[in-house]
Amino acid sequence: MKKILKIIVSIIFSIIITVYVAWSAFNYYSYSDLIPAKIGITYAIHIGGKSGLREGCGAAIFRLSDATADDISRKGLDFFNDAIYSRKSKARRYTYSSWKETPVPNSWTSKGTWPGLGCSGASRSLFSQILLAASKKGSYYSSKDEAEILVIPSFKLVVFSYFG
């Protein structure tokens with residue numbers, strides 16, 4: 001009986017791990033598709049949010065690749081001239097507005113943070129890094145329908161936040 005119980009527990013544990021890995025991979029690819037292809041990312045640092053019946057908000061925070069961070073350091077805002085289309089599509093829904101250098105507009109932080117980032121569940125230290133970078137020169141941001149993106153070369157972060 002003990003042997004059968006151990007096998008059942010082992011199978012259940014394997015199923016849980018498999019579902020978790022599959023869900024994590026799905027989240028990574030779903031959100032990474034929304035980042036412009038020119039912006040190299042390596043892995044997800046945090047993906048989280050809240051959703052209701054029809055609406056939701058949250059953020060996907062990725063590690064910026066070393067090569068992209070170096071390229072941005074050399075070119076500054078010019079790096080982003082052709083970084084307006086997501087990896088997913090060139091349809092209007094997936095097209096970003098012109099990029100700008102930080103600080104982000106006051107409307108983003110008038111309530112402490114912008115909508116998607118505020119409900120992401122990111123750690124306090126990560127949240128603080130993002131808000132610090134958003135408040136001073138040296139990072140870059142853009143937006144599209146119901147989403148914002150912030151690239152922070154100094155911390156090698158890409159922050160995609162959504163709401164709606």
(message) If I filter segment 1-38 down to residues being at pLDDT 85 or above and under 12 Å from the mean Cα position of the chain (by Cα), which single residue comes out as farthest from Val151 (Cα to Cα)?
(response) Asp33
(request) Of all residues in segment 1-39, count the ones that are open to solvent by less than 80 Å² (accessible area, probe 1.4 Å) and either on the phi > 0 side of the Ramachandran plot or of a type outside the set (A, V, I, L, M) (or both). (result) 11
(request) Would you check which residues across segment 42-70 are over 18 Å from Phe163 (Cα atoms) and in contact with a helix residue (DSSP H, G or I) (Cβ under 6 Å, 6 or more places away or on another chain) and list them? (result) Ala44
(request) Determine whether segment 62-84 contains at least one residue that is of a type in the set (Gly, Ala, Ser) and without any contact (Cβ under 8 Å) to a residue 24 or more places away in the chain. (result) no
(request) For residues that are over 24 Å from Phe26 (Cα atoms) and either part of a strand (DSSP E or B) or open to solvent by 10 Å² or more (accessible area, probe 1.4 Å) (or both), tally how many sit in segment 69-89. (result) 10
(request) Can you run down the residue pairs with Cβ atoms below 8 Å, 6 or more apart or on separate chains, where the first is in segment 26-46 and over 12 Å from Ala59 (Cβ atoms) and without any contact (Cβ under 8 Å) to a residue 60 or more places away in the chain and the partner is part of a helix (DSSP H, G or I) and open to solvent by 30 Å² or more (accessible area, probe 1.4 Å)? (result) Gly40/Ala67; Tyr43/Tyr28
(request) Specify the residue that is surrounded by the fewest Cβ atoms within 10 Å (Cβ to Cβ); the eligible residues are those in segment 115-157 that are touching a strand residue (DSSP E or B) at 6+ places or on another chain (Cβ under 9 Å) and polar (S, T, N, Q). (result) Ser123
(request) Identify, by number, the condition in (1) outside any strand (DSSP E or B); (2) touching an Asp or Glu at 6+ places or on another chain (Cβ under 9 Å); (3) open to solvent by less than 80 Å² (accessible area, probe 1.4 Å) that Gly112 doesn't meet. (result) (2)
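The values are calculated or read from the model by the stated rules, or taken from the named source; none is laboratory data. Owing to the predicted nature of the structure, the values given are computational and were not obtained by experimental measurement. Positions of Cβ are backbone-derived with ideal geometry, glycine not excepted, and every protein chain shown enters the neighbour counts. Ligands, DNA and RNA are stripped out before the accessible areas are found, and what is left, the full protein with its side chains, is counted by its heavy atoms. Shrake-Rupley method; radii C 1.70, N 1.55, O 1.52, S 1.80 Å.
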